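Okay, structure first, notes after.
The values are calculated or read from the model by the stated rules, or taken from the named source; none is laboratory data. Keep in mind it's a predicted model, so treat the numbers as computed, not measured. Heads up, the Cβs are rebuilt from the backbone with ideal geometry, glycines too, and the neighbour counts pull from every protein chain shown. Note: areas computed on protein heavy atoms with side chains; ligands, DNA, RNA excluded. Shrake-Rupley method; radii C 1.70, N 1.55, O 1.52, S 1.80 Å.
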Amino acid sequence: MRFQHSIKTLCRVLKVNRSTYYKHFSSAESTRFKENKKIKSYILCLHGKYKKRLGVKKMTHMLQSEYGIKISTGRVRRLMRSMHLPVLFSKKAPTYSDESSKKHYHNLLNRNFNPSLPNLIWVSDITYIRVGNKWYYLCVVIDLFSRKILSWEISQHPNSDLVISTFKKAYSKRNFPKGLMFHSDRGSQYTSCAFRKILDEFEVVQSFSGKGCPYDNAVAESFFKFLKLEETNRKTYSNIDDLKISLFEYIDGFYNPKRPHSANNFISPNNFESDYFKKIFLNLCPLY
């Protein structure tokens, strides 16, 4: 408009002093403005690099980790909000309960989610994901030490076969560990005779959440929350192959090797385990 009408006329119509107008166009950018502009560019880079999966806390950590920028989460939140970055929402994962059973299942884990060693405590759960007009069921096994997803399987049926297959895959990958505790909810898949027989054969101690208490299996519930928030709720799947590729890219390509985890001091599960085994090796083979 300033190229179509005189500045005097525009200022009179908009009721703005001409001195204010000229000050606006002639003033230099403040140091804070320049800093924010630079940080915004880094936020956009990280936002794209991690496929829009980073929230405020993790964005703050990655700014420091990758660019050496140490700022508060509040400032990152304000900058992200000013950039109108999309907000993601998650849906509550379903719980499977064995309502008809009158047996008592012991909660041996008792919410002690931070074991000191790998392969001491594994947790597992099942969630559902829509593919076209059908529902598919995802089962995962997680090592509480590093929060690493040891194995995952997809099935059209949330039955004991799904749980057995996922557990055996994890057990084989970890070279058949001894002294293991396996924790889950009281779903019929986990309380089935077939699955409990497998655990007995491998001398695995089984632990169960309290009835209707998802907080007892909070780590698995949290993983599903962020899986849906950062991946599956943002996509539609036309077939099972699309879903498998998506899960592989998220779990094996992002979550385990790259995603900073707050329980690991913002280190990815793979790197957290790698650092642990390096320390063990150095203790066993000190350099002289």
Verdict on S188 being open to solvent by less than 60 Å² (accessible area, probe 1.4 Å) and at negative phi: no
Extreme residue, surrounded by the fewest Cβ atoms within 10 Å (Cβ to Cβ), among residues of the stretch 236-288 that are part of a loop (DSSP other than H, G, I, E, B) and aromatic (F, W, Y): Y288
Filter pass, I126 being in contact with a helix residue (DSSP H, G or I) (Cβ under 7 Å, 6 or more places away or on another chain), assigned to a strand (DSSP E or B) and over 20 Å from E249 (Cβ atoms): yes
Unique residue being more than 22 Å from the chain's Cα centre (by Cα), over 15 Å from N217 (Cα atoms), surrounded by fewer than 22 Cβ atoms within 10 Å (Cβ to Cβ) and hydrophobic (A, V, I, L, M, F, W, C) when the list is L180, L108: L180
Helices (runs of 4 or more DSSP H) enclosed by the stretch 1-98 - at least 1 residues per element that are modelled with pLDDT under 80, within 30 Å of E231 (Cα to Cα) and hydrophobic (A, V, I, L, M, F, W, C): 31-49
Members of the stretch 252-269 that are in contact (Cβ under 8 Å) with a residue 24 or more places away in the chain and more than 18 Å from K49 (Cβ to Cβ): S262, A263, N264, P269
Among (1) modelled with pLDDT under 95; (2) over 24 Å from H261 (Cβ atoms), the one test that K168 misses: (1)
Residue match in the stretch 119-128 (condition: open to solvent by 30 Å² or more (accessible area, probe 1.4 Å), on the phi > 0 side of the Ramachandran plot and touching a strand residue (DSSP E or B) at 6+ places or on another chain (Cβ under 9 Å)): yes
Test: residue in the stretch 253-276 that is under 18 Å from E153 (Cβ atoms) and not small (G, A, S): yes
Residue within the stretch 148-155 that is open to solvent by 10 Å² or more (accessible area, probe 1.4 Å), out of contact with any helix residue (DSSP H, G or I) (no Cβ under 7 Å at 6 or more places or on another chain) and not small (G, A, S) present: no
Lone unmet requirement of (1) closer than 30 Å to L63 by Cβ; (2) among the hydrophobic types (A, V, I, L, M, F, W, C); (3) without any contact (Cβ under 8 Å) to a residue 60 or more places away in the chain for C193: (1)
Near pairs, Cβ below 8 angstrom, 6+ apart or cross-chain, from the stretch 146-160 (more than 23 Å from S116 (Cβ to Cβ) and touching a residue at least 12 places away in the same chain (Cβ under 8 Å)) to any residue that is of a type in the set (V, I, T) and part of a helix (DSSP H, G or I): W152/T166; W152/I251; E153/T166; I154/I240
